[in-house]
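The block underneath contains the structure these notes are about, expressed in structure tokens.
Here, each number is a calculation from the coordinates, and none is a lab measurement. In this text, all values refer to a predicted model and were calculated from it rather than measured experimentally. Neighbour counts run over all protein chains shown; Cβ positions are idealised from the backbone, glycine included.
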Amino acid sequence: MSARPLFRDRSRPLQVITGGLVPAIFGAVVGIVLGESAGAYWGLQAVAAIGGVLAGFEHRDGWGGADRGLVGGAIFGTSLLVAHAVAGSHAQVSLGSFPPLLAVFTAIIGMLLGALGGRIARALRERPAERPAGQVARQ
């Protein structure tokens, strides 16, 4: 696995864009789609979940990924709800009896997905380098 820069080593503007602006914009898009199509809504939710795991790869371990996932998930869920309210359309998927809880759920799910990505990335970084078939390690 190549040594990619960690989130904490990136410039502050890039951190703001990738950690705040991207989840906000994507959440807003999903919020608008919520009033149009249930299938598209769930498809975009799956894309967001994959993004949550991949964002965890920019951290040293699951703890760092969990922190970012919690914040990103909360921003995503809040933006989704705000954009849906501004669009004024009828939700094609049930938001439950108290829709603001969605932001709490997306924060928790984001935390878990970011932690998963951070753990996977750590395991990949720590595994021994693979040798070509038939080659013996020198002592």
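Side notes on the structure shown:
- Centre separation in Å (Cα based) which lies between the stretch 1-41 and the stretch 84-128: 11 Å
- For the chain, the longest principal axis of the C-alpha atoms and the axis of helix 62-87 are separated by about 20°.
- Summed residue charge, Cβ within 15 Å of Leu14's Cβ, Lys/Arg positive, Asp/Glu negative: +3
- Between the Cα long axis of helix 101-126 and the first principal axis of the chain there is an angle of about 10°, rounded to the nearest 10.
- The stretch 12-126: radius of gyration over Cα atoms, expressed as a fraction of 2.2 N^0.38 Å: 1.07
- Normalised contact order of the chain, rounded percent, pairs of Cα under 8 Å and 6 or more residues apart: 33 percent
- Label zone at Val104, where the point sits 7 Å out along the Cα-to-Cβ direction: the stretch 64-87 residues whose backbone N lies under 18 Å: 70-82
- On the basis of the beta-carbon distance and an R0 of 35 Å, His90 and Leu21 show a calculated FRET efficiency of 0.80.
- For the stretch 1-72, convex hull of alpha carbons as volume per residue, Å³: 87 Å³
- Remark on Gly35: its backbone amide H falls under 5 Å from those of Gln92, a criterion applied only to residues 5 or more positions apart or on other chains, H modelled at 1.01 Å from N.
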